[in-house]
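**Q** Before we start, here is the structure in question, set down as structure tokens.
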Amino acid sequence: MQARPDRASTPLLAVEDLHVSYGGVPALYGLSFEVHAGEVVALVGANGAGKSTTLRAISGLIPPDSGSIRLDDRQLNRMPPHAIAALGIAHVPEGRRIFSRLSVLQNLLLGSYARTARSTEQQTLEEVLTLFPRLRERLHQPAGTLSGGEQQMLAIGRGLMLRPRLLMLDEPSLGLAPLIVEGIFDVVRTLSASGMTILLIEQNVQETLMLAHRAYVLQVGQIVATGAGVDLLQSDLVRRAYLGL
Amino acid sequence: MDATIVQAVLSGALIGMIYALIAAGLSLIFGLMEIVNFAHGEFLMLAMFSSFWMWELWRLDPLASLPITAALMFGVGVLTNRLLVMRVLNAPALAQIFATFGLGLFLRASAQYLWTADFRAIQDPFLSRVAGGRIALGRDVFIGVPQLVAAVIAAVAFALLGLLIRRTRLGLALQAVAEDRSTAALMGIPAGRMFDLGWGIAAACVGIAGAVLASFYYIYPSVGVTFALLAYIIVALGGFGSITGALIAGIMVGLVEIVAPLLLGIPPAYKYALVFTLYLLVVLVRPQGLFGRY
Ligand SMILES: Nc1ncnc2c1ncn2[C@@H]1O[C@H](COP(=O)(O)OP(=O)(O)O)[C@@H](O)[C@H]1O
Ligand SMILES: [Mg+2]
């Protein structure tokens with residue numbers, strides 16, 4: 001467990017009273033939370049609680065019904081996703097969503113499509129390939145031919161190519177073998193140690209709460225508990241009611 | 001080999017290049033948005049009239065006005081996307097079909113109203129005067145200079161299109177949007193702008209095809225109908241969304257259309273029946289077309 005970063009400053013990301021619905025059916029009912037620079041913040045909760053929806057609203061894929069999403073002091077609601085990405089929010093979506101017909105290298109270069117990331121592209125690429133040596137070996141292979149674990153590395157690497165101010169990971173360990181899952185958690189720890197701000201969604205609750213500075217527990221579109229990861233892990237209420245531990 | 005056959009193979013391959021360029025535009029739009037442009041033939045007609053009027057009004061040769069026609073058609077493509085296609089992007093397939101089909105009817109009817117249904121031709125364009133308009137490749141084998149130059153220009157346009165898609169960042173973004181537009185948006189790629197670009201490039205390809213055809217083909221409001229029909233066949237044959245497929249299928253169709261009647265001793269009037277037969281044969285064996293993904 002690392003020391004909690006300084007939280008006196010204004011948050012990097014502030015979500016307030018967020019309401020989102022799909023075709024009139026509400027999915028988020030007044031969600032509020034914040035992420036400070038340098039923090040790893042986890043969103044945990046059962047399937048269907050609204051974790052992915054929260055990330056989609058932040059990255060602009062679904063316009064919120066009401067509420068506010070701010071990066072620094074900039075209002076993000078109603079901004080199109082490509083403009084939000086250009087501000088430095090990298091969303092590594094659930095299910096990886098790599099471009100399977102394109103090569104590994106092409107996928108990575110798409111990650112740095114935003115103008116702000118272009119000037120440092122070669123250097124970032126080198127860093128990403130150092131973090132994921134497997135990708136270097138497969139650089140010119142179609143991404144669709146990679147194994148599940150490699151595809152996840154590619155999805156994270158593609159997100160890192162943006163040199164993001166906020167990295168949002170949606171269930172990066174989903175469907176992967178235990179050994180590979182360990183590798184993914186190692187990567188998250190490495191990134192966190194290097195100062196990356198991370199908003200993490202994971203089913204692997206115990207390990208997630210151990211590495212997150214803070215966590216929010218979601219239930220049916222609302223936050224029902226919050227606190228330091230380790231504290232939540234020890235709270236009987238949270239353990240029994242929401243985490244199934 | 002018989003000189004007539006050699007002649008037919010050459011003519012077929014040359015016209016096939018132009019078919020391929022027309023079909024490439026159709027395939028690009030489909031690959032990008034899964035929308036079929038049923039006004040594609042009318043885009044070709046507009047491009048031919050653009051060449052015609054620049055010649056008629058300002059005595060600009062179709063070859064000289066080609067860049068203008070291509071640019072005008074790029075604009076027509078972008079406008080079509082902005083004003084029409086984006087509005088039906090999330091509508092049912094039938095609404096999308098009616099939108100572009102309706103646009104095609106509207107353009108054809110407007111052309112008839114404005115410019116009458118007369119057949120027009122550009123008299124003595126520059127290319128028909130170069131080397132007497134045709135080059136002898138042997139005894140009894142000739143190729144027309146306009147046809148040859150048209151095919152060369154189509155090939156160059158095709159090569160540039162391939163370079164743009166495969167070798168530039170913009171092309172990479174187009175491919176990303178074609179595969180998964182919402183994930184592409186997460187990369188900072190504006191899908192709407194890429195759709196504009198795709199429509200613009202597709203219409204510019206048709207624009208170039210129309211400009212080169214204008215040197216040796218009649219120009220009238222429904223001139224695009226047959227070309228469009230062939231383009232749909234070529235796209236289905238080559239595989240929806242495949243540019244390479246459009247190139248190979250385009251040349252195949254050009255060859256079948258001109259060579260097969262000769263070999264089989266069938267009157268040229270039945271050439272489209274042969275093209276359809278080729279299409280049916282390929283689609284029975286490979287329903288996704290030669291290079292298709294769908
Ligand atoms: N594309 C969609 N269309 C309609 N409803 C959706 C869609 N995606 C998610 N939902 C609904 O929104 C709620 C939250 O889903 P989601 O954010 O995916 O949950 P989680 O990521 O926590 O598993 C669920 O009730 C789910 O059924
Ligand atoms: Mg989810």
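The values are calculated or read from the model by the stated rules, or taken from the named source; none is laboratory data. Because the structure is a prediction, the values reported are computed rather than measured. Ideal geometry is used to build each Cβ from the backbone, glycine not excepted, and the neighbour counts take in all protein chains shown.
**Q** Looking for whichever is within 14 Å of another protein chain (Cβ to nearest Cβ) and out of contact with any Ser or Thr (no Cβ under 6 Å at 6 or more places or on another chain) here; the options are A:Arg97, A:Arg134, A:Arg138, A:Arg165. Which one fits?
**A** Criteria check complete, one pass: A:Arg165.
**Q** Can you tell me how many residues in the stretch A:169-202 are within 16 Å of ligand 2 (Cβ to nearest atom) and touching a residue at least 60 places away in the same chain (Cβ under 8 Å)?
**A** Residues in the stretch A:169-202 being within 16 Å of ligand 2 (Cβ to nearest atom) and touching a residue at least 60 places away in the same chain (Cβ under 8 Å): 9 in total.
**Q** Looking at the stretch B:121-240, what helices (runs of 4 or more DSSP H) fall wholly within it and have at least 1 residues that are more than 14 Å from chain A (Cβ to nearest Cβ)?
**A** Ranges flagged: B:126-129, B:145-167, B:191-213, B:224-238.
**Q** Continuing with this model, one more query. Residue by residue through the stretch A:107-146, note down the ones that are assigned to a loop (DSSP other than H, G, I, E, B) and farther than 17 Å from A:Asp186 by Cα.
**A** If the condition is that a residue be assigned to a loop (DSSP other than H, G, I, E, B) and farther than 17 Å from A:Asp186 by Cα, then A:Ser112, A:Tyr113, A:Ala114, A:Ser119, A:Thr120, A:Arg138, A:Leu139, A:His140, A:Gln141, A:Leu146 are the ones that fit.
**Q** Now for a different question. A:Ala86 is checked against (1) within 14 Å of chain B (Cβ to nearest Cβ); (2) within 16 Å of ligand 1 (Cβ to nearest atom); (3) in contact (Cβ under 8 Å) with a residue 24 or more places away in the chain and fails just one. What number does that condition carry?
**A** (2)
**Q** Could you tell me how many of the residues in the stretch A:9-40 are β-branched (Val, Ile, Thr), within 15 Å of ligand 1 (Cβ to nearest atom) and crowded, with 20+ Cβ neighbours inside 10 Å?
**A** Matching residues across the stretch A:9-40 total 2.
**Q** Restricting the search to the stretch A:201-245, which residues are modelled with pLDDT of 90 or more, part of a loop (DSSP other than H, G, I, E, B) and on the phi < 0 side of the Ramachandran plot?
**A** A:Glu202, A:Ala212, A:His213
**Q** Follow-up question, since we're still on this one. Pull up the stretch B:198-253, narrow it to residues that are closer than 25 Å to B:Val283 by Cα and polar (S, T, N, Q), then point me to the one that is nearest to the chain's Cα centre (by Cα).
**A** The residue in question is B:Thr226.
**Q** Which numbered condition trips up A:Glu202, out of (1) surrounded by fewer than 22 Cβ atoms within 10 Å (Cβ to Cβ); (2) not assigned by TED's automatic domain parsing to the domain that holds A:Glu121?
**A** The one condition A:Glu202 does not meet is (1).
**Q** If B:Phe216 meets every condition in (1) surrounded by 24 or more Cβ atoms within 10 Å (Cβ to Cβ); (2) modelled with pLDDT under 95 apart from one, which number is that one?
**A** (1)
**Q** Filtering the stretch A:57-86 down to residues that are of a type in the set (D, E, K, R) and more than 21 Å from A:Leu218 (Cα to Cα), which residue is surrounded by the fewest Cβ atoms within 10 Å (Cβ to Cβ)?
**A** Applying the filter and picking the extreme gives A:Asp73.
**Q** Could you figure out which of (1) within 30 Å of A:Ala177 (Cα to Cα); (2) at pLDDT 95 or above; (3) part of a loop (DSSP other than H, G, I, E, B) isn't true of A:Ala46?
**A** Exception for A:Ala46: condition (2).
**Q** I'd like to check something: does the stretch A:95-103 contain any residue that is basic (Lys, Arg) and either surrounded by 21 or more Cβ atoms within 10 Å (Cβ to Cβ) or part of a strand (DSSP E or B) (or both)?
**A** Looking for residues that are basic (Lys, Arg) and either surrounded by 21 or more Cβ atoms within 10 Å (Cβ to Cβ) or part of a strand (DSSP E or B) (or both), one finds at least one in the stretch A:95-103, hence yes.
**Q** Continuing with this model, one more query. For the stretch A:176-198, state whether one or more residues are within 16 Å of ligand 1 (Cβ to nearest atom) and either more than 14 Å from every other protein chain (Cβ to nearest Cβ) or modelled with pLDDT of 95 or more (or both).
**A** Within the stretch A:176-198 (the criterion being within 16 Å of ligand 1 (Cβ to nearest atom) and either more than 14 Å from every other protein chain (Cβ to nearest Cβ) or modelled with pLDDT of 95 or more (or both)), the answer is no, since none of the residues qualifies.
**Q** Give A:Gly159, A:Gly149 a once-over and let me know the one that is within 14 Å of another protein chain (Cβ to nearest Cβ) and in a helix (DSSP H, G or I).
**A** On inspection, the qualifying residue turns out to be A:Gly159.
**Q** Suppose the filter is among the polar types (S, T, N, Q) and surrounded by 22 or more Cβ atoms within 10 Å (Cβ to Cβ); does A:Thr54 pass it?
**A** Yes.
**Q** Listed residues B:Met33, B:Met54; which is surrounded by 19 or more Cβ atoms within 10 Å (Cβ to Cβ), of a type outside the set (Asp, Glu) and free of Cβ contacts under 8 Å to residues at least 60 places away in the same chain?
**A** B:Met54
**Q** Can you tell me which residue is nearest to A:Leu167 (Cα to Cα) among those in the stretch A:107-126 that are surrounded by fewer than 18 Cβ atoms within 10 Å (Cβ to Cβ) and not basic (Lys, Arg)?
**A** A:Thr116
**Q** Here is a further query. So for the stretch A:54-73 (the condition being in a loop (DSSP other than H, G, I, E, B), away from ligand 1 (no atom under 14 Å from the Cβ) and basic (Lys, Arg)), does at least one residue qualify?
**A** no
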